[in-house]
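Report on the structure given below.
The values are calculated or read from the model by the stated rules, or taken from the named source; none is laboratory data. Quick caveat: nothing in here was measured; it's all calculated off a predicted structure. Don't worry about glycine lacking a Cβ; one is built from the backbone with ideal geometry, like all the others, and counts go over all protein chains shown.
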Amino acid sequence: MPYKTILVHVDGSSHLDARVNIAASLAIAEDAHLVGAAVTGVSKIAYESMAFGQVDPHLDKYLKIAQDRANHALDRFDALATAAGVASRERRLVDDELLGGISVQGRYSDLAVIGQIDPDEPSPMLYGNFPEYVAMNCGCPVLMIPYATELKQTGDNVLIAWNASAESTRAVHSAIPLLRRAKIVHVAVFNPGEWPEAHGEQPGADIGLFLARHDIKVEVTQQKTDIEVGDALLSLAADLGSDMLVMGCYGHSRFREVLLGGVTRTMLQSMTIPVFMSH
């Protein structure tokens, strides 16, 4: 299914430009509608109390500041999207707290573009578990952009982390529009002997054939490693010159808490290229 609505999280961080530029390039390539969503960070409960006349003057002042801050970020989104040549776009001010606000917006999108948390740029608006929470709860695939990237577009040389799980299967299926435009797609199967019942007699052969039928230029490689698979993936991506990683998102979420698998956690903390995830 093509991407017809792409959501990008808009905030006041110094990494906004890279995030919007990548989202804009995808929107142009997919002929998609680009939505820039900025969240005030104030719970809907607060707005409901104001609607019933229970207005705290301090809260009212904070709301105005939060909305001004969000609109300033949306002005930057407008400028970047215009400069990139995005034909169909909209700015969206979301009066809600961050985690739920962006997650809900993602449910009406084909792809959500968000940023990795930068530990050197703390923000009271940005919860530490924001990327993983959105990936686990938004209901659409997520493209996470590393804070250290200088890329303006991504997806020419893609690496798929394949372990034949339901999560990796959903990620591959969701990424097909991107994979079809790639110049080369590498499928990496790590330590296939540990899960012979999942991979079959020729690990990676089935997924390679599946992708080839979609006219995707694909190469399959089996990798043995004694180190943590997340670190091995990052190393392989560097060796191949990959500019995007596609993988399943593993874990489960509870209210205000996300428990992740080891590879997912490694990627979110140490990603060096954009990571496309689906849960």
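Some values worked out for this structure:
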read-out: Filter pass, D60 being of a type outside the set (K, R), more than 21 Å from P274 (Cα to Cα), assigned by TED's automatic domain parsing to the domain that holds L16 and modelled with pLDDT of 95 or more; value: no
read-out: The range 70-91 - residue that is surrounded by fewer than 16 Cβ atoms within 10 Å (Cβ to Cβ) and in contact (Cβ under 8 Å) with a residue 24 or more places away in the chain and, of those, nearest to G12 (Cα to Cα); value: H72
read-out: Leading residue by the ranking (surrounded by the most Cβ atoms within 10 Å (Cβ to Cβ)) among those in the range 207-230 that are more than 22 Å from L178 (Cα to Cα) and without any contact (Cβ under 8 Å) to a residue 12 or more places away in the chain; value: I227
read-out: Hey, A175 out of contact with any helix residue (DSSP H, G or I) (no Cβ under 8 Å at 6 or more places or on another chain), in a helix (DSSP H, G or I) and either at pLDDT 95 or above or more than 19 Å from Y250 (Cα to Cα) (or both) or not; value: yes
read-out: Number of positions in the range 119-172 that are hydroxyl-bearing (S, T, Y), at pLDDT 90 or above and closer than 26 Å to S14 by Cβ; value: 2
read-out: Residue match in the range 261-271 (condition: among the charged types (D, E, K, R) and modelled with pLDDT under 85); value: yes
read-out: So D110, is it farther than 16 Å from L245 by Cα, surrounded by 15 or more Cβ atoms within 10 Å (Cβ to Cβ) and either in contact with a Pro (Cβ under 8 Å, 6 or more places away or on another chain) or of a type in the set (D, E) (or both); value: yes
